[in-house]
């Protein structure tokens with residue numbers, strides 16, 4: 001068996017080691033995302049092939065592969081950009097995939113390479129007979145999107161609540177949901193009397209709109225449209241063509257940057273003191289890792305933690321913290337809800353401190 005076949009196809013380094021490695025790089029990185037619905041006969045074989053190729057190119061990121069397609073967010077060293085493009089385009093069906101390049105390219109976005117085989121590239125809970133991804137809504141560029149917004153079209157945010165907390169389009173319908181699978185039936189219900197109206201859908205990079213527009217068209221909606229390339233591409237186009245910016249605040253992204261600035265408006269608030277803020281962070285106590293909004297004053301006060309208990313636990317020796325994690329049983333539904341609905345939990349546990 002060749003050396004490549006024997007290559008370990010998973011990351012085996014600690015977070016600290018990975019950060020150190022990235023800090024020593026002497027080149028810039030390009031952060032990007034892409035997706036495509038396309039039939040993949042053997043997702044596992046493709047997964048292993050891409051891991052070997054992209055690990056050699058020092059690619060970092062999170063990629064999901066399923067029989068229905070690919071969904072990728074990653075960073076690529078600029079010196080390896082052409083080799084990476086050739087690698088993607090060499091895969092059958094991937095030859096015309098559009099790339100969404102991040103606005104803030106050079107910030108560290110991913111620490112390691114993770115490629116997983118999934119049942120779906122976006123978890124939606126739908127049955128196969130509820131959508132057809134070959135029949136999706138009309139793709140709009142930023143100019144047409146703005147025009148339809150100005151003419152009173154219905155704008156729908158196809159993201160979760162923690163994303164729209166810090167940024168959204170003006171007057172958008174923002175479903176208060178924790179997961180994409182909860183969102184689809186709720187959107188259909190909210191729009192049930194609007195089947196003949198012009199509907200505008202948007203999300204981060206476009207992939208959730210593909211499924212949502214297909215779902216709505218399947219259920220009888222006549223004029224479904226979606227923002228091509230999502231908020232990421234919209235931000236690039238309004239800057240390039242000097243268009244009006246109808247997005248207020250920041251765009252939440254699913255990597256270590258957490259946000260991209262689209263406008264200077266701050267619409268969020270610190271989960272601990274309530275002051276205006278839109279800086280997302282993860283609790284500094286690693287066994288908690290709660291995603292929440294924290295201002296600089298509270299970051300200093302709580303040592304980057306979400307509450308007093310986590311603050312004290314974070315000061316324990318590393319070995320003690322490891323033992324706590326080892327003894328802890330699998331996460332419960334309560335802990336999952338805590339990770340996505342932080343505000344009530346933080347206020348309750350911090351009291352008036």
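The values are calculated or read from the model by the stated rules, or taken from the named source; none is laboratory data. Worth saying up front: this structure is predicted, and the values here are computed from it rather than measured. Cβ atoms come from the backbone with ideal geometry, glycine included; neighbour counts cover every protein chain shown.
Considering segment 179-198 alone, what residues qualify as being in a helix (DSSP H, G or I) and in contact with a strand residue (DSSP E or B) (Cβ under 7 Å, 6 or more places away or on another chain)? Correct list: 187, 190. Given the condition under 18 Å from the mean Cα position of the chain (by Cα), touching a residue at least 40 places away in the same chain (Cβ under 8 Å) and in a loop (DSSP other than H, G, I, E, B), answer yes or no: does some residue in segment 232-248 qualify? Within segment 232-248 (the criterion being under 18 Å from the mean Cα position of the chain (by Cα), touching a residue at least 40 places away in the same chain (Cβ under 8 Å) and in a loop (DSSP other than H, G, I, E, B)), the answer is no, since none of the residues qualifies. Taken over segment 266-301, the criterion of being buried (at least 17 other Cβ atoms within 10 Å of the Cβ), part of a loop (DSSP other than H, G, I, E, B) and in contact (Cβ under 8 Å) with a residue 40 or more places away in the chain is satisfied by 268, 271, 272, 278, 290. Restricting the search to segment 99-119, which residues are modelled with pLDDT of 90 or more and either out of contact with any strand residue (DSSP E or B) (no Cβ under 6 Å at 6 or more places or on another chain) or assigned to a loop (DSSP other than H, G, I, E, B) (or both)? 99, 110, 111, 112, 118, 119 - these are the residues of segment 99-119 that are modelled with pLDDT of 90 or more and either out of contact with any strand residue (DSSP E or B) (no Cβ under 6 Å at 6 or more places or on another chain) or assigned to a loop (DSSP other than H, G, I, E, B) (or both).
Filtering segment 254-305 to residues that are in contact with a strand residue (DSSP E or B) (Cβ under 9 Å, 6 or more places away or on another chain), over 24 Å from residue 204 (Cβ atoms) and modelled with pLDDT under 95 leaves 272, 288. Quick one: in segment 121-140, which of the residues that are assigned to a loop (DSSP other than H, G, I, E, B) and surrounded by fewer than 16 Cβ atoms within 10 Å (Cβ to Cβ) is nearest to the chain's Cα centre (by Cα)? Out of the qualifying residues, it is 123. Say we look at segment 143-168 and pick out the residues that are crowded, with 21+ Cβ neighbours inside 10 Å and more than 17 Å from the chain's Cα centre (by Cα); which of these is nearest to residue 242 (Cα to Cα)? Within segment 143-168, the match that is nearest to residue 242 (Cα to Cα) is 145. Taking segment 43-52 as the range and being surrounded by 18 or more Cβ atoms within 10 Å (Cβ to Cβ) and under 13 Å from residue 10 (Cα atoms) as the test, the residues that pass are 47, 50, 51. The numbered conditions (1) modelled with pLDDT under 95; (2) in a loop (DSSP other than H, G, I, E, B); (3) crowded, with 18+ Cβ neighbours inside 10 Å are all true for residue 40 except (1). Tallying residues that are buried (at least 23 other Cβ atoms within 10 Å of the Cβ) and in a helix (DSSP H, G or I) within segment 216-227 yields 1. Every test in (1) assigned by TED's automatic domain parsing to the domain that holds residue 210; (2) outside any strand (DSSP E or B) is passed by residue 91 save one, and that test is (1). Pairing residues of segment 46-57 that are assigned by TED's automatic domain parsing to the domain that holds residue 111 with residues that are part of a helix (DSSP H, G or I) and modelled with pLDDT of 95 or more, at Cβ distances under 8 Å and at least 6 apart in sequence or on separate chains, gives 50/87; 53/87; 54/84; 54/87; 57/80; 57/83; 57/84; 57/87.
Listed conditions (1) over 30 Å from residue 312 (Cβ atoms); (2) touching a helix residue (DSSP H, G or I) at 6+ places or on another chain (Cβ under 8 Å); (3) part of a loop (DSSP other than H, G, I, E, B) are all met by residue 263, apart from (2).
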